[in-house]
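J.: One structure follows; several queries about it will come next.
The values are calculated or read from the model by the stated rules, or taken from the named source; none is laboratory data. This is a predicted model, so every value here is computed, not measured. Note that each Cβ is placed from the backbone with ideal geometry, even for glycine, and that neighbours are counted across all protein chains shown. Just the protein is used for accessible areas: all its heavy atoms, side chains included, with ligands, DNA and RNA removed. Shrake-Rupley method; radii C 1.70, N 1.55, O 1.52, S 1.80 Å.
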Amino acid sequence: MAILSSDFFVTYIQMTLIIWARYFVIAGLFYAGLWMRPADRVQAHRLTTKTPQRSVVIHEIKMSITSSAIYGVPGALVYMIWDAGGTAIYNEINGLLGLAYIPLSLFIYLFAHDTYFYWTHRAMHHPKLFKATHLTHHRSRPPTPWAAFSFHPWEAALSAWLLPLMTFFIPIHGGAVLFLLVLMTYCSVANHAGWEILPRFITNGFFGQHLITARHHNVHHTNYQANFALYFRFWDKLCGTDRGLAEIVEKNDTKAIHAATSA
């Protein structure tokens with residue numbers, strides 16, 4: 001069987017290394033640019049007066065490495081089946097309709113992922129499931145960019161399979177797959193950064209009313225019954241769990257930042 005072959009294990013190692021590289025590059029750039037510089041030199045809006053502790057960062061990285069190893073399993077399976085011609089991933093673009101389908105397919109995948117994430121995420125906040133699944137992620141208070149993949153193995157396993165399974169039924173261009181993987185990592189890192197890198201006119205405008213950024217997701221890390229979604233505010237608004245955007249810590253609020261840092 002392919003899943004027991006040496007080829008699978010080689011592919012799995014390669015996939016896991018790629019996921020680790022994507023995680024460390026994107027999260028590392030965010031962390032260096034936001035948390036390793038003086039706050040008054042960062043061109044972003046700080047969302048917390050607290051400074052992440054070293055133990056929190058180590059926990060986030062350790063759990064993200066573990067989650068990435070889990071994500072590598074379906075990634076390797078899909079790659080090997082694609083290589084044998086068994087998925088709906090394609091590489092040729094046929095005319096304008098084929099070109100127009102690429103952004104549509106990206107939206108379909110993102111919305112499906114967002115829907116699945118919202119309902120599984122909300123379920124994992126149930127008292128009977130929270131400790132066994134999602135508590136690991138919420139040990140990050142405040143979260144840092146390294147929290148992007150910081151999940152309990154059960155949660156990582158639950159979230160790992162939807163998009164790989166979709167590649168067997170919903171056509172998507174190979175380039176769109178690569179873009180989607182990078183975009184997913186970027187969104188997860190940015191939303192846990194502890195800083196909002198987008199200007200206020202964007203987060204307070206049309207874009208921020210419909211798409212999730214750090215200001216929206218940061219609320220979830222202080223209010224566990226709100227802001228469950230991943231990319232879009234659709235399900236939160238529809239289900240009454242949207243609690244808006246986090247307040248911004250003004251750059252001149254140095255006393256509050258210093259007090260929190262020294263505590």
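J.: Taking H placed 1.01 Å from N in the peptide plane, check which residues at least 5 places from Phe232 or on another chain put their amide H under 5 Å from its amide H.
T.: Ile212
J.: Taking the Cβ of Phe234 as the center, what net charge do the other residues with Cβ under 11 Å away carry, scoring Lys and Arg +1 and Asp and Glu -1?
T.: That works out to -1.
J.: With all protein chains present, how much of the accessible area of the chain (probe radius 1.4 Å) comes from carbon and sulfur, to the nearest whole percent?
T.: 69 percent
J.: Largest first, please: the extent of the C-alpha atoms of the chain along each principal axis, to the nearest Å.
T.: The Cα atoms of the chain stretch 61, 41, 39 Å along the principal axes, largest first.
J.: Quick one: order Thr49, Thr136 from most to least accessible surface, probe 1.4 Å.
T.: Result, largest first: Thr49, Thr136.
J.: Another question about this same structure. For Ala147, what is the net charge nearby, where nearby means another residue's Cβ is under 11 Å from its Cβ and Lys, Arg count +1, Asp, Glu -1?
T.: Around Ala147, the surrounding residues sum to +1.
J.: How big is the charge dipole of the chain about its Cα centre, in debye rounded to the nearest 20, if each Lys and Arg gets +1 on its Cβ and each Asp and Glu gets -1 on its Cβ?
T.: 920 debye
J.: Around Ser64, with a cut-off of 14 angstrom between Cβ atoms, what is the net charge of the other residues, counting Lys and Arg +1 and Asp and Glu -1?
T.: +1
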